[in-house]
Structures are given as C-alpha cells and as structure tokens.
There are 2 protein chains.
Amino acid sequence: MRFAARVEVRLRPGIADPEGATIERALPALGFEGVHDVRAGRSFRFEVDAADEQEARRRAGEIAHRLLANPVIEDSVLELEPAGPGEPD
Amino acid sequence: MRFAARVEVRLRPGIADPEGATIERALPALGFEGVHDVRAGRSFRFEVDAADEQEARRRAGEIAHRLLANPVIEDSVLELEPAGPGEPD
C-alpha cells in the first residue's frame, strides 16, 4: 500500500525565529494589523510504500525525526493518510 | 477573537524541486526504500485578531497568497482554527 505523508518541521518553542520575527515586523506596514506569533518552518510531502499504516507511520516518522528535522532545535509533526490511486495532486 | 493560522506554501505541480529531489536520492543510502515524490515546502504559523472567523480567514488568506507565497511558482494552503486562551504551544 502507498501512503501520503506530510511532515511539518518547526522550531521548538523558545528557539529564536528571525524569519518569523521579520515577517511579523513587516506586516503592519503592509496593511496587516493584529497578527502575532509568526513562526516560520518547513514542510515536506512524500509517499511511502508499506505493508500497513503502522509500518508506514513508523518509517515516515523516522524519516521526519532523523533526517528532516534537526532535533536539537526542531520538532516534527507527521500526518499520514492512504494515497488512493489517481488522487488529485 | 483570536485565530490560529497555519499556512503551507508548496511549489506548484510541475515546478522543479531540487531540495525534494536531493532528499529522495539520499534516502535509499540511509536505509529508507520505497519513498517517492518528495516535495519540500515552507510552513508558517501565526495568530490573527479578527471579529469573526470569516474576517480572520480573509486576512490570513491574503497574507498567505500575497506575502508568504510566490504565486508564480507556489501554492498556499491555509488552515484556521479558533485560538483558545492558554492553548498549548
């Protein structure tokens, strides 16, 4: 079976986020007031072949934690769903 | 009211993704077989003050489309939910 994985990698709470801070500072001048706590991160999507959802989740989780995130400063969040054939992109 | 927004910015289908391709090529050597279609993107989280969900969605969508994504090569996906006070980070 094939599963579609979506991984969000984000800075751990308390880690400085200069990109998010820069965006937040720029927003009022661009006409957007009342926006707070901007945090920038990375996202990844990929497909995993696995016998069942449990195995797919284990392998995608390992990829997320060991390869996509830097565990010193980042968390990763994994979402997984069956990838139907002919699914819209 | 305050709403928590999550924006995923990803390359449009058909746009070359060297970062995703590099990750995909590296995975078998790292022990991960059967992983396909790796696509790299960016994610942003922020909070918006707005009178109601409709206004929050409109403003967060504008921020996503006009400022966070490059519409020539990227799509953005917005998810929005009420940000309860004292919500875990």
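The values are calculated or read from the model by the stated rules, or taken from the named source; none is laboratory data. This is a predicted model, so every value here is computed, not measured. We place every Cβ from the backbone using ideal geometry, glycine too, and count neighbours over all the protein chains shown.
For this structure, a couple of remarks:
- Pairs are defined by a Cβ separation below 6 Å, a sequence spacing of at least 6 or placement on different chains, a first member in the range A:39-67 that is more than 7 Å from chain B (Cβ to nearest Cβ), and a second member that is surrounded by 15 or more Cβ atoms within 10 Å (Cβ to Cβ) and part of a loop (DSSP other than H, G, I, E, B); the pairs so defined are A:A56/A:A50.
- Residues in the range A:1-10 that are in a strand (DSSP E or B) and either acidic (D, E) or more than 16 Å from B:V9 (Cβ to Cβ) (or both): A:R2, A:F3, A:A4, A:A5, A:E8.
- Residue within the range A:11-34 that is surrounded by 16 or more Cβ atoms within 10 Å (Cβ to Cβ), in a strand (DSSP E or B), under 16 Å from the mean Cα position of the chain (by Cα) and more than 7 Å from chain B (Cβ to nearest Cβ) present: yes
- Residue satisfying condition, being within 24 Å of B:A83 (Cβ to Cβ), at pLDDT 95 or above and among the charged types (D, E, K, R), within set B:R25, B:R6, B:R39, B:R12: B:R6
- From B:E33, B:E24, B:E79, residue being within 23 Å of A:G20 (Cα to Cα) and among the charged types (D, E, K, R): B:E79
- Out of A:A50, A:A40, one residue alone is touching a strand residue (DSSP E or B) at 6+ places or on another chain (Cβ under 7 Å) and within 23 Å of B:F32 (Cβ to Cβ). It is A:A50.
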